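Have a look at the structure below before the remarks.
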Amino acid sequence: MPYSPNASISGYLSYKDKKLIDGVHQLGKPVWTTISDAPKEEVRELIHLGINGIISDYPDAMEKFLIQKQ
């Protein structure tokens, strides 16, 4: 498969790995993850580690959580 600057990595990865997140950012790529019923502490940790986006089945609850976090 030829190299594509728009390629993404998918599959199971340990997204709680700061070195992995920083490495992807150094390549100029964002880091997104999905959550379903993750505890609030896990969401806080992901944000602290530098995740660029979180895909959720409950966007209203995520918005409320992010507003309360500020």
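The values are calculated or read from the model by the stated rules, or taken from the named source; none is laboratory data. Note that the coordinates shown come from a computational prediction; the quantities given were computed from them, not determined experimentally. No Cβ is skipped: glycine too gets one built from the backbone with ideal geometry, and neighbour counts run over all protein chains shown.
Brief remarks follow.
- Residue count for segment 18-70, restricted to those that are out of contact with any helix residue (DSSP H, G or I) (no Cβ under 9 Å at 6 or more places or on another chain) and among the aromatic types (F, W, Y): 2
- Qualifying residue in segment 39-53 (condition: in a loop (DSSP other than H, G, I, E, B), modelled with pLDDT under 85 and not β-branched (V, I, T)): yes
- Pairs with Cβ under 6 Å, 6+ apart, first in segment 54-69 and closer than 16 Å to W32 by Cα and modelled with pLDDT under 85, second among the small types (G, A, S) and in a strand (DSSP E or B): M62/S56
- Annotation note: Cβ proximity below 6 Å between a residue of segment 38-49 that is in contact (Cβ under 8 Å) with a residue 12 or more places away in the chain and a residue that is among the aliphatic types (A, V, I, L, M) (sequence gap 6+ or interchain) occurs for L49/I21.
- Residue that is surrounded by the most Cβ atoms within 10 Å (Cβ to Cβ), among those in segment 18-37 that are without any contact (Cβ under 8 Å) to a residue 12 or more places away in the chain and of a type outside the set (S, T, N, Q): L20
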